[in-house]
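Each value in this text was obtained by applying a stated rule to the coordinates, not by laboratory testing. Everything numeric here is computed off the predicted structure, so don't read it as measured data.
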Amino acid sequence: MECLLQYLDDIDDFIGMLALAAERVRRLVKTIILVGATLCAQVFGIFLALTQPPLALAAVSLISVGLLYRAAVNPTSKPVIVS
């Protein structure tokens, strides 16, 4: 009976190890996608600024307003301590 319990414990450890390895792979894939999207957006922005400067200025203005709105609506969770 104890041999069966040891066998089941080994299976449980193996499944846990697979879950940890899958988490590492997920983080790596997420980082690669994020870096790729960031580089693509930068290249597109440079290309847009070189070909259509007014459109690039409009896009930057919209992004700035969106980020400002997000900063105003979603304040940071840490309290500001004034000494």
I need the shape label for segment 2-73. Rule: rounded when a/c is under 1.5, else prolate if a/b > b/c, else oblate, with a, b, c from the alpha carbon gyration tensor.
oblate
For segment 54-65, what does the Karplus curve 6.51 cos²θ - 1.76 cosθ + 1.60, with θ = phi - 60°, yield as ³J(HN,Hα) per residue in whole Hz, taken in order and with x for Gly and Pro?
x, 5, 5, 5, 5, 5, 5, 5, 5, 5, 5, 5
